[in-house]
Amino acid sequence: MTEELLGKAFEDDKQRAGAAVALTALAESVTEIVPIHRGNRKQTAVARFAQRNPVVVQVCDEATWLQTEATLLAEIRNRTSVPVPPVLTSGCHNNVAYMLTAYIDGADLHERFTVFDSAIQRELAQSFGTSLAHLHEVFQFDGYGTLKTTSKTLTPRRDDWETWFREYGHRAVRRLPPVFEPLRSELRELVANSPVESAPPARLYPWDFRPGNALVADKSIAAIVDWEAPLAAPASLSVAKAEYLIADWYVPEPEPLRDAFKTGYESVRPYPSVPTVYRVAAIADSAVDSTGTVTNPQYPELEHDDAVAFHRRALEAAVENDPPSSSKPNSHDTRRP
């Protein structure tokens with residue numbers, strides 16, 4: 001019965017087998033498996049049972065990604081109060097990684113954020129700021145870039161910050177579609193020539209830290225999910241991207257949310273100064289997803305042309321070293337009337 005149910009959620013034979021192995025950790029038969037369409041790298045489903053609470057089963061062909069995520073989730077739960085789901089089991093079967101986590105009941109904050117009034121939005125933004133600051137306070141590294149699991153600890157892959165950051169920034173700018181010309185050349189020059197710290201303190205950089213990866217219950221964050229492919233970088237780069245994905249993404253006037261996010265962060269540790277080049281790299285990295293598709297801000301989500309205009313305005317404002325504002329005139333604005 002479990003095999004038949006798994007077939008409805010996981011089309012690939014190897015991924016289905018990996019999910020089946022994961023579920024053997026629970027001594028109970030599955031009664032229902034419902035796929036969840038979340039992210040591009042992992043396959044996710046909720047498994048339900050007759051006598052126990054549901055669980056989330058995830059599989060991934062890139063084994064190291066899911067293994068690192070499982071390690072990070074366990075570390076976050078052990079070392080902070082940041083709300084994340086507990087890991088029940090994880091491992092690898094036939095080159096497919098699997099992970100089981102507890103199911104956290106809550107609504108998708110991406111779909112709910114604009115429904116809340118401005119006061120609740122500010123409280124949520126402040127909560128994100130507090131959580132990110134706790135992560136920065138606890139997770140410190142001796143290098144930069146992609147984190148890998150070594151003997152159940154997280155270790156960065158690179159030693160030189162400037163080299164890694166310029167590669168990161170150039171890759172983000174290069175992935176922007178042709179419609180971002182001629183702005184791309186200005187961004188490329190900024191990434192190449194802006195002064196960069198030689199060896200800044202490295203903190204956890206959860207690059208997809210946003211409402212779209214959060215569950216909300218009773219107007220509060222119940223859990224933050226999807227911690228795949230974490231990085232090590234200065235707190236300022238992480239703050240720049242979180243500001244964009246939390247404060248700028250949903251509302252026409254983001255300044256109150258940005259202030260609330262900063263207030264939450266400063267309740268734990270000092271707020272870092274964000275160089276313009278870090279902000280540009282963070283926005284460019286947010287503008288295109290892992291498949292090369294332009295991301296769609298707001299909810300309901302903007303159509304493609306409006307999404308391109310949204311990201312372009314933000315990049316232009318960042319280059320001018322001025323936070324983006326919906327009311328600011330822009331000669332490159334191509335939004336449809």
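The values are calculated or read from the model by the stated rules, or taken from the named source; none is laboratory data. Keep in mind it's a predicted model, so treat the numbers as computed, not measured. Ideal geometry is used to build each Cβ from the backbone, glycine not excepted, and the neighbour counts take in all protein chains shown. Just so you know, the surface numbers come from the protein's heavy atoms only, side chains and all, with ligands and any DNA or RNA stripped out. Shrake-Rupley method; radii C 1.70, N 1.55, O 1.52, S 1.80 Å.
Scanning region 48-73 for residues that are in contact (Cβ under 8 Å) with a residue 40 or more places away in the chain and assigned to a loop (DSSP other than H, G, I, E, B) returns 53, 54, 61. Candidates in region 274-295 are the residues that are of a type in the set (S, T, N, Q) and in a helix (DSSP H, G or I); of these, the one that is farthest from the chain's Cα centre (by Cα) is 276. Residues in region 259-295 that are among the basic types (Lys, Arg) and open to solvent by 50 Å² or more (accessible area, probe 1.4 Å) were compared, and the one that is farthest from residue 240 (Cα to Cα) is 262.
Residue 59 meets the stated requirement of being buried (at least 17 other Cβ atoms within 10 Å of the Cβ) and β-branched (Val, Ile, Thr).
Here residue 45 passes the criteria (1) assigned to a strand (DSSP E or B); (2) in contact (Cβ under 8 Å) with a residue 40 or more places away in the chain except the one numbered (2). If the condition is being part of a loop (DSSP other than H, G, I, E, B) and among the hydrophobic types (A, V, I, L, M, F, W, C), then region 77-122 contributes 82, 84, 104, 116. Could you list, in sequence order, the residues of region 18-53 that are in contact with a Phe, Trp or Tyr (Cβ under 8 Å, 6 or more places away or on another chain) and surrounded by 19 or more Cβ atoms within 10 Å (Cβ to Cβ)? Once the filter is applied, which keeps residues that are in contact with a Phe, Trp or Tyr (Cβ under 8 Å, 6 or more places away or on another chain) and surrounded by 19 or more Cβ atoms within 10 Å (Cβ to Cβ), region 18-53 yields 18, 19, 22, 30, 42, 43, 45. The residues of region 296-313 that are within 19 Å of residue 211 (Cα to Cα), assigned to a helix (DSSP H, G or I) and open to solvent by less than 10 Å² (accessible area, probe 1.4 Å), listed by number, are 307, 311. From the list 158, 166, 188, the one residue that fits, being in contact with a Gly (Cβ under 7 Å, 6 or more places away or on another chain) and either over 30 Å from residue 138 (Cβ atoms) or open to solvent by 20 Å² or more (accessible area, probe 1.4 Å) (or both), is 158. Would a scan of region 74-86 turn up a residue that is among the polar types (S, T, N, Q), more than 22 Å from residue 221 (Cβ to Cβ) and either open to solvent by less than 40 Å² (accessible area, probe 1.4 Å) or in contact (Cβ under 8 Å) with a residue 40 or more places away in the chain (or both)? No, every residue in region 74-86 fails to be among the polar types (S, T, N, Q), more than 22 Å from residue 221 (Cβ to Cβ) and either open to solvent by less than 40 Å² (accessible area, probe 1.4 Å) or in contact (Cβ under 8 Å) with a residue 40 or more places away in the chain (or both). Residues of region 134-179 that are touching a helix residue (DSSP H, G or I) at 6+ places or on another chain (Cβ under 8 Å) and in a strand (DSSP E or B): 144, 145, 147, 148, 149, 153, 154, 158. How many residues, within region 137-163, are without any contact (Cβ under 8 Å) to a residue 24 or more places away in the chain and within 19 Å of residue 199 (Cα to Cα)? Counting residues in region 137-163 that are without any contact (Cβ under 8 Å) to a residue 24 or more places away in the chain and within 19 Å of residue 199 (Cα to Cα) gives 6. Within region 212-251, if we keep just the residues that are in contact (Cβ under 8 Å) with a residue 60 or more places away in the chain and at positive phi, the residue that is most open to solvent (accessible area, probe 1.4 Å) turns out to be 219. Residues in region 95-126 that are open to solvent by less than 30 Å² (accessible area, probe 1.4 Å), of a type outside the set (Phe, Trp, Tyr) and within 17 Å of the chain's Cα centre (by Cα): 109, 110, 124, 125.
For region 15-64, the tally of residues that are among the aliphatic types (A, V, I, L, M) and at positive phi stands at 0.
Of all the residues in region 196-207, those that are free of Cβ contacts under 8 Å to residues at least 40 places away in the same chain and either out of contact with any strand residue (DSSP E or B) (no Cβ under 7 Å at 6 or more places or on another chain) or open to solvent by 10 Å² or more (accessible area, probe 1.4 Å) (or both) number 4.
Residue by residue through region 1-13, note down the ones that are surrounded by 14 or more Cβ atoms within 10 Å (Cβ to Cβ) and not in a loop (DSSP other than H, G, I, E, B).
Step one: filter region 1-13 for residues surrounded by 14 or more Cβ atoms within 10 Å (Cβ to Cβ), giving 2, 5-6, 9-10.
Hits for region 1-13 are 2, 5, 6, 9.
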